[in-house]
Amino acid sequence: MSGTRTFAAEVPVARPERTRLWWEIAIVLGLSLGQSAIYSIVTIIDRSTQSTPLSQQTAQVNPSQSNREVFDFLYQVLGNLFPLFAVALVIYLLWQPQRSGFRRIGFDLTRPGRDLGGGLLLFLGIGIPGILFYALTRLLGITVAVQASTLDAHWWTVPVLILAALRAALQEEVIVVGYLFTRLRQLGWGTWTIIVVSALLRGSYHLYQGFGPFVGNAVMGVVFGWAYTRWGRVMPLVVAHTIIDIVSFVGYPLAVAWWPSIFA
């Protein structure tokens, strides 16, 4: 993989420009994962103040939207496609006269082999331990039962779950890493400050699942953020995140069958 050229090449902008960038960041996050973070924080406060313990509560990630198959399918597809407009928006905002928004954050197909290898490495390093950490926090009672998919078995169920995994990967890695790292660097922030803030944001919009997923996703954010500053490319992160979510979503019925006390 390449070094830090893409990320390190971002230089702080002049002070008058910083106000505009702060407004831009606020609008982008308010339309996307920042909104999710606020709802998630309110949700965990609600869950934590109920008489039912967190360990006995559930959270659905890919719930059914209709009891009629054709409309459930349509709602699932639309619900996964429209959030991608926020991804398109940040790529557009990052576009420069001599460099596309895709190239600026390393979200392209110029290095498929290296990106795939890096993605698999991240999956093995953070994805598998993350699943084990979720199981541990379930046993400790600080995480709700996350139902990764409650969709009925249809011909389109697995393709829709794969689409959901890809949508989540694009949302989180392009916006929370590629876009946010670029803008915070332009605002003069240091590398590790950016990594930690981004990681806390990543953890915060998973708080609706409990405190375990908050910690697990924050750690994932630190690792992914460090990898981005080293490689200067978002694509390996998208690959890793997509694989993690496909395993979680598609493998959920098997996990329930094999370990019902943890995943049911």
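For the reader, a short list of remarks on this structure follows.
- Selection from 117, 136, 85 lying farthest towards where the dipole of region 51-147 points positive, charges on Cβ: 117
- Cβ-Cβ FRET estimate between residue 46 and residue 110, R0 fixed at 45 Å, reported to 0.05: 0.50
- Residues residue 196 and residue 78, FRET efficiency given R0 of 45 Å [Cβ-Cβ distance, rounded to 0.05]: 0.80
- One decimal place: the segment residue 70-residue 24 gains 12.8 nm when fully extended, by the rule 0.36 nm per residue minus the C-alpha distance.
- Normalising the average separation of contacting C-alpha pairs (under 8 angstrom, six or more residues apart) by the number of residues puts the relative contact order of the chain at 34 percent.
- When +1 charges are put on Lys and Arg Cβ atoms and -1 charges on Asp and Glu Cβ atoms, the dipole computed for the chain relative to its Cα centre reaches about 880 debye.
- Highest-MSF residue in the chain out of 94, 78, 237 [GNM, Cα springs under 10 Å]: 78
- Lys, Arg +1 and Asp, Glu -1 on Cβ, resulting dipole of region 93-219 about Cα centre, debye, nearest 20: 440
- In the chain, the longest principal axis of the Cα atoms and the axis of helix 112-122 are about 50 degrees apart.
- Listed residues 9, 206, 184: farthest to the positive end of the dipole of the chain (Cβ charges): 9
- When the chain is treated as a GNM with alpha-carbon contacts under 10 Å, the residue of 223, 28, 13 showing the greatest mean-square fluctuation is 13.
- Helix axis angle, 157-170 relative to the chain longest principal axis, alpha carbon, degrees: 30
- Stretch gain in nm, segment residue 85-residue 187, where the contour uses 0.36 nm per residue and the Cα spacing is subtracted: 34.3 nm
- Inter-centroid distance (Cα atoms) of region 34-55 relative to region 157-236, Å: 21
Rule-based calculations on the coordinates, nothing more; no lab input. Predicted model only: the values in this text are computed from it and were never measured. Note that each Cβ is placed from the backbone with ideal geometry, even for glycine, and that neighbours are counted across all protein chains shown.
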